[in-house]
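Some notes on the structure that comes next.
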């Protein structure tokens, strides 16, 4: 029971961070970031999107991937500031079925 409680606690923590990021984004309005920094961010996010896709395609044969495994895989490379963007990229690449993430089919 401790493992389930730990996973729920971890998931709740991640969700709370994502909600906070959403509030910040909603309040923030327009970006004051210089154009060259935004282009660098776009490149970084494109690379992250590809990493998400590659990871899910490697792991998908196992009937999908749990949110916990995805978070462990990307926890060191995705900052708290990028949590909302990561969630959007994950949702663009995959869908959640029965608690497991699977790549979207084109």
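Somewhere in segment 64-74, is a residue under 11 Å from the mean Cα position of the chain (by Cα) and not in a helix (DSSP H, G or I)?
No, segment 64-74 has no match at all.
Yes or no: residue 74 under 17 Å from residue 11 (Cα atoms) and either exposed (fewer than 11 other Cβ atoms within 10 Å of the Cβ) or in contact (Cβ under 8 Å) with a residue 12 or more places away in the chain (or both)?
It is true that residue 74 is under 17 Å from residue 11 (Cα atoms) and either exposed (fewer than 11 other Cβ atoms within 10 Å of the Cβ) or in contact (Cβ under 8 Å) with a residue 12 or more places away in the chain (or both).
Within segment 88-102, track down each residue that is crowded, with 17+ Cβ neighbours inside 10 Å and closer than 17 Å to residue 50 by Cβ.
89, 90, 93, 94, 101
Inspect segment 29-49 for any residue being in a helix (DSSP H, G or I), surrounded by 16 or more Cβ atoms within 10 Å (Cβ to Cβ) and either modelled with pLDDT of 90 or more or in contact with a strand residue (DSSP E or B) (Cβ under 6 Å, 6 or more places away or on another chain) (or both) and give the result as yes or no.
Yes - at least one qualifying residue is present in segment 29-49.
The values are calculated or read from the model by the stated rules, or taken from the named source; none is laboratory data. This one's a predicted model, so the numbers in the text were calculated from it and none came from an experiment. Every residue, glycine as well, gets a Cβ built from its backbone with ideal geometry; the counts of neighbours run over all protein chains shown.
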